[in-house]
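I have placed the structure first, in the form of structure tokens, so that the comments after it can refer back to it.
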Amino acid sequence: MKAFETFETPTAARVNYLNAQYGLKSWLLTKDHKRIALLYLGSVTFFFLIGGIYAMMIRLELLTPQGDFLSSATYNKVFTQHGIIMIFFFLIPAIPASLGNFLVPMMIGAKDLAFPRINLLSWYIYLLGGVITIYALLAGGIDTGWTFYAPYSTTFSNSYVLATGVGIFVSGFSSILTGLNFIVTIHTMRAPGLTWFRLPLFIWAHYATALIMILGTPVVAITILLLAFERLAHVGIFDPAVGGDPVLFQHLFWFYSHPAVYIMILPAMGVESELIANFSRKNIFGYKFVAFSSLAIAVFGFLVWGHHLFVAGQSVYAGLIFSFLSFAVAIPSAIKVFNWTATLYKGSISYDTPMLYALGFIGLFTIGGMTGLFLAAVAVDVHVSDTYFIVAHFHYIMVGGTLLGYLGGLHYWWPKISGRMYPEGWGRFSALVIFVGFNLTFLPQFVAGYLGMPRRYHAYPPEFQVFNVLSTAGASILGVGLVIPFIYLLWSMRYGKRAEPNPWHLPGLEWRTASPPPTENFFATPVVTWEAYEFAPPEEMQVIGRFKEETEHA
Amino acid sequence: MAESHIATEHTASHPALRHHFENLEQQREAGTLGMWVFLVTEIMFFGGMFLAYTLYRTKYPQAFASASNHLSWQLGALNTGVLILSSFTMALAVYSAQTGKRRNQVVCLGLTILLGLTFLVVKAIEYHEKYVDHLIPGKLFPGNPFNPAKVHLLPEASPNNVEMFYWIYFAMTGMHAIHMIIGVGVLSVIMYFAARGRYGPEYHNPVEISGLYWHFVDIIWIFLFPLLYLLGRHLEHGG
């Protein structure tokens, strides 16, 4: 344990990124990727809260079949706003902009992202988009569904489509800038010795995510812009009334919005690879397969959007091809799941909170992915289109996958981010509550959907009530499970046990510097001589620079 | 190897080096790659409109040809020439920065900006003609509704689709013009710093990547000109 003895000085005495400067200005004008990550963390949590409130309203309404809590018009707004807030303002930025922002430079041994000012700009753009969208919600809301299908959105809807569209258009650029920053940083700023195949899989996943961000987001940006003009000035290419084709809108929209699902899930898969390998204390099984499967998902992800149009009047042949390609995208996803499972085999597994989330992720993502195969089959998809089967499927990916990955990652790196340990007992307890609550919420929806309960209605035939009561009960448990970590993580920032630099005893670069790290991340530029997930006896895991300044001053 | 090591030592204390880079070489690589990635996003951004154009041109060839024939190919060709020339002066500006010729650099940047402004003025003249001819689609200008009376409609061309062509025309050239305006702004800033002698053989990445952007915006126009101005001339003459 020799290497770790260099940390005898209390961590608080040192200058780190949190106490290097004080005051509001030092946060709002910061160019430090770690502080920007925290700004993002706070903002996505805020939007998650708003989206969660809408979710609870949906579940309350659906408790009874009559549709007595919300009018149908209000209900349309509530589910639309739940989708828009959760997708554009929570799921898409959640992992890349907070954990990714914090960890990409640290994991590759860089002092910062390549363009720190652009990084800060991306947060302000995100915030501006968020403020515009919240204005739209307060002014009267939007009822088109998060998909903005024309011509309803361009001509017939009497809600704040324009303002919401502008909000999403603006916030898209924050995503583009984050992706651009990641790609350039990963290409040009890796520490000496850190070759591509020594990179942690978290980095590969974020690289793939960044590719989708830069290739997909501009398309939805121009689509939403054209939609906004169509609504504003009645000039257009989507509305049949002016000779346009509404299916063109669906193609353009899903060209981004299907890959956007991979923007949500790929970073979570990156977190998952870290958690599974590190908490099994084993090199990941088939490193290159896991790494390239991320890229394969990013590439295939761009070729499957047509499976959202199986019932939209797309040609049968196009449907067949999109069906085939949608099956194909299951291959790289399955490679990941199998390799994670194989990594667990004969590993020395510890069941800390992050690992509980990681194991939950494998199960839930598998269910979400397998039901995705049902939907890739045209015949089955036609049967369950626009039912709760779809709703359950994508929540298994987005909540079971992305949210669990996000929470697992947040717990795992919390000691590094905050310099404090979270309470392990509460952590495990809430992970279990979330897992139970989640399954109780969404498992019954598969059944209800398969039996024919349509989505996006506030009233439903009474025979579906039992599933909805189960679902609402599950959502309440899930809600409680999510409040617990919110409280104890805030609590731990002040009262938690101080974290060691490397509390989990892991080889990754981010664990070879102080907790919390100094502003420039490392005390000396690291030179990487080891492979990813190369577990060695603890005394061989050298800490970079050994906090030179301190030993000099002591 | 030894040579690059010396270069590294040499640039590690350059005033333009930002704190998080090891040396100017790394900073230059990052800047250049960043601009290329940005241009990829721009291609996708314009790509959505090119897709819409392709779809509707295939669907309504007669209407698109009729509307296109009413555009002034002479002004379009003039603007194409202006932009190609501006790309040439931009390339000269980058070369002057690399070789450390400050005066040439400022002159070339100034010429590029002037040519960019010329393009915008010609574009404004064209837009004004469309306004006068009541060819602004939809309710973009209330009180001046779209009226295709001035457009010679080929057989089977519906006025609705002529209006759609003009919307695509305005969306694409308008988006392109916005990029031109941004380009002129960026080059003005670069010219200001060039005049103060910031760029030389050691450090000229901002000039280079602004040049990349400028060439990209030119290339977009190289695609727009034939697609929008020249697509159906032969149909007009019974070909």
- [ ] Take A:Ala358 and decide whether it is of a type in the set (A, V, I, L, M) and surrounded by fewer than 18 Cβ atoms within 10 Å (Cβ to Cβ).
- [x] no
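Would you point out the residue of the range B:137-153, among those that are touching a residue at least 12 places away in the same chain (Cβ under 8 Å) and at the interface with another protein chain (Cβ under 10 Å from one of its Cβ atoms), that is nearest to B:Tyr53 (Cα to Cα)? Steps first, answer last, please.
Start the filter on the range B:137-153 by keeping residues that are touching a residue at least 12 places away in the same chain (Cβ under 8 Å), which leaves B:137-138, B:140, B:144, B:146-153.
Narrowing the set further to residues that are at the interface with another protein chain (Cβ under 10 Å from one of its Cβ atoms) leaves B:137-138, B:140, B:146.
Values: B:Pro137: 16, B:Gly138: 18, B:Leu140: 20, B:Phe146: 20 Å.
Once the filter is applied, the top-ranked residue is B:Pro137.
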- [ ] List the number of the failed condition for A:Tyr351; all other conditions in (1) surrounded by fewer than 22 Cβ atoms within 10 Å (Cβ to Cβ); (2) part of a helix (DSSP H, G or I); (3) over 18 Å from the mean Cα position of the chain (by Cα) hold.
- [x] (2)
Open item on the list: Restricting to the range B:47-63, and then to whatever is within 9 Å of chain A (Cβ to nearest Cβ) and surrounded by fewer than 20 Cβ atoms within 10 Å (Cβ to Cβ), can you tell me which residue is farthest from A:Phe253 (Cα to Cα)?
Closed with: B:Lys59
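Kindly indicate whether A:Ala392 is farther than 21 Å from A:Ser98 by Cβ, touching a residue at least 12 places away in the same chain (Cβ under 8 Å) and of a type outside the set (Val, Ile, Thr). Break it down into steps so the answer makes sense when it comes.
Details: farther than 21 Å from A:Ser98 by Cβ: yes; touching a residue at least 12 places away in the same chain (Cβ under 8 Å): yes; of a type outside the set (Val, Ile, Thr): yes.
Yes, satisfied.
Being more than 14 Å from chain A (Cβ to nearest Cβ) and assigned to a helix (DSSP H, G or I) narrows it down to one residue among B:Gly211, B:Gly197; which is it? Break it down stepwise before answering.
Numbers: B:Gly197 fails: assigned to a helix (DSSP H, G or I).
It is B:Gly211.
Every residue in the range A:121-146 that is farther than 22 Å from A:Tyr40 by Cα and in contact with a Gly (Cβ under 8 Å, 6 or more places away or on another chain), please. Reasoning before the result, please.
At the first step, the residues of the range A:121-146 found to be farther than 22 Å from A:Tyr40 by Cα are A:138-146.
Listed by number, the residues that qualify are A:Gly145, A:Trp146.
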- [ ] Among the residues of the range A:131-143, count how many are surrounded by fewer than 23 Cβ atoms within 10 Å (Cβ to Cβ) and either in a loop (DSSP other than H, G, I, E, B) or not hydrophobic (A, V, I, L, M, F, W, C) (or both).
- [x] 4
TODO: Could you list, in sequence order, all residues of the range B:155-194 that are within 24 Å of A:Asp239 (Cβ to Cβ), of a type in the set (Gly, Ala, Ser) and either part of a helix (DSSP H, G or I) or in contact with a His (Cβ under 6 Å, 6 or more places away or on another chain) (or both)?
DONE: B:Ala171, B:Gly174
Open item on the list: Pull out all pairs, ordered by first then second residue, where Cβ-Cβ is under 8 Å, the residues are six or more apart or on different chains, the first lies in the range A:428-454 and is within 30 Å of A:Ser350 (Cα to Cα), and the second is modelled with pLDDT of 95 or more and among the acidic types (Asp, Glu).
Closed with: A:Arg428/A:Asp352
Open item on the list: Return the residues of the range B:20-40 that are part of a loop (DSSP other than H, G, I, E, B) and either crowded, with 21+ Cβ neighbours inside 10 Å or in contact with a strand residue (DSSP E or B) (Cβ under 9 Å, 6 or more places away or on another chain) (or both); say none if nothing qualifies.
Closed with: B:His20, B:Phe21
- [ ] Sort out which residues of the range A:108-129 are surrounded by 24 or more Cβ atoms within 10 Å (Cβ to Cβ) and part of a helix (DSSP H, G or I), and write them in order of number.
- [x] A:Asn119, A:Ser122, A:Tyr126
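Quick test for you: out of B:Phe170, B:Phe119, pick the one residue that is within 13 Å of chain A (Cβ to nearest Cβ), within 16 Å of B:Leu228 (Cβ to Cβ) and either of a type outside the set (A, V, I, L, M) or without any contact (Cβ under 8 Å) to a residue 40 or more places away in the chain (or both).
B:Phe170
Report the residue count in the range A:502-522 for those that are in a loop (DSSP other than H, G, I, E, B) and farther than 16 Å from A:Leu18 by Cα. Steps first, please.
Filtering the range A:502-522 for residues in a loop (DSSP other than H, G, I, E, B) gives A:502-508, A:513-522.
Subset that is farther than 16 Å from A:Leu18 by Cα: A:502-508.
Residues that pass the stated criteria total 7.
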Open item on the list: Could you tell me how many of the residues in the range A:224-242 are in a helix (DSSP H, G or I), buried (at least 22 other Cβ atoms within 10 Å of the Cβ) and at the interface with another protein chain (Cβ under 7 Å from one of its Cβ atoms)?
Closed with: 1
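Would you mind stating whether A:Tyr207 is within 14 Å of another protein chain (Cβ to nearest Cβ), in a helix (DSSP H, G or I) and over 30 Å from A:Pro507 (Cβ atoms)? Can you show your working first?
On the way: within 14 Å of another protein chain (Cβ to nearest Cβ): yes; in a helix (DSSP H, G or I): yes; over 30 Å from A:Pro507 (Cβ atoms): no.
So A:Tyr207 does not fit the description; no.
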Task: Residue that is touching a Pro at 6+ places or on another chain (Cβ under 6 Å) and either assigned to a strand (DSSP E or B) or closer than 25 Å to A:Ala73 by Cβ (or both), where the choices are A:Gln465, A:Gln445 - done: A:Gln465
Open item on the list: Which numbered condition in (1) under 30 Å from B:Met44 (Cβ atoms); (2) without any contact (Cβ under 8 Å) to a residue 24 or more places away in the chain is the only one that B:Tyr192 fails?
Closed with: (1)
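Can you confirm whether A:Asn76 is assigned to a helix (DSSP H, G or I), within 14 Å of chain B (Cβ to nearest Cβ) and crowded, with 21+ Cβ neighbours inside 10 Å?
On the way: assigned to a helix (DSSP H, G or I): yes; within 14 Å of chain B (Cβ to nearest Cβ): no; crowded, with 21+ Cβ neighbours inside 10 Å: yes.
When the stated conditions are applied, A:Asn76 does not pass them.
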Open item on the list: Looking only at the range B:10-46, filter to residues that are at the interface with chain A (Cβ under 7 Å from one of its Cβ atoms) and of a type in the set (Phe, Trp, Tyr); which one of those is nearest to A:Ala210 (Cα to Cα)?
Closed with: B:Phe38
Open item on the list: Given (1) within 25 Å of A:Trp254 (Cα to Cα); (2) within 14 Å of chain B (Cβ to nearest Cβ), identify the lone condition not met by A:Phe115.
Closed with: (1)
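Yes/no matrix, rows are residues, columns are (1) modelled with pLDDT of 95 or more; (2) surrounded by fewer than 18 Cβ atoms within 10 Å (Cβ to Cβ); (3) more than 14 Å from chain A (Cβ to nearest Cβ); (4) under 17 Å from the mean Cα position of the chain (by Cα):
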position	(1), (2), (3), (4)
B:Ala77	yes, yes, yes, yes
B:Leu85	yes, yes, yes, yes
B:Phe88	yes, yes, yes, yes
B:Ser96	yes, no, yes, no
B:Gln105	yes, no, yes, no
B:Leu115	yes, no, yes, yes
B:Asp133	no, yes, yes, no
B:Pro155	no, yes, yes, no
B:Ala177	yes, no, yes, yes
TODO: Under 7 Å between Cβ atoms, at least 6 apart or on separate chains: pull out the pairs that start in the range A:178-198 with a residue that is more than 10 Å from chain B (Cβ to nearest Cβ) and end on any residue that is surrounded by fewer than 18 Cβ atoms within 10 Å (Cβ to Cβ) and modelled with pLDDT under 95.
DONE: A:Gly193/A:Val527; A:Gly193/A:Thr529; A:Arg198/A:Glu531
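Against the definition (under 13 Å from A:Ala205 (Cβ atoms), of a type in the set (Val, Ile, Thr) and not in a helix (DSSP H, G or I)), how does A:Ile263 come out, yes or no?
On the way: under 13 Å from A:Ala205 (Cβ atoms): yes; of a type in the set (Val, Ile, Thr): yes; not in a helix (DSSP H, G or I): no.
In short, no.
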Task: Candidates A:Gly449, A:Gly496, A:Gly474, A:Gly508 - the one that is more than 29 Å from A:Met421 (Cβ to Cβ) and either in contact with a strand residue (DSSP E or B) (Cβ under 6 Å, 6 or more places away or on another chain) or modelled with pLDDT under 95 (or both) - done: A:Gly449
TODO: Within the range A:287-324, count every residue that is farther than 19 Å from A:Asp245 by Cα and within 24 Å of the chain's Cα centre (by Cα).
DONE: 18
- [ ] Please specify each residue of the range A:49-107 satisfying the condition of being at positive phi and without any contact (Cβ under 8 Å) to a residue 12 or more places away in the chain.
- [x] none
Open item on the list: Given the criteria outside any helix (DSSP H, G or I) and under 20 Å from B:Tyr131 (Cβ atoms), does B:His152 qualify?
Closed with: yes
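The values are calculated or read from the model by the stated rules, or taken from the named source; none is laboratory data. It should be emphasised that the depicted structure is a prediction, and the values quoted were computed from it without experimental measurement. Counting neighbours? That spans all protein chains shown, and the Cβs are built from the backbone with ideal geometry, glycine included.
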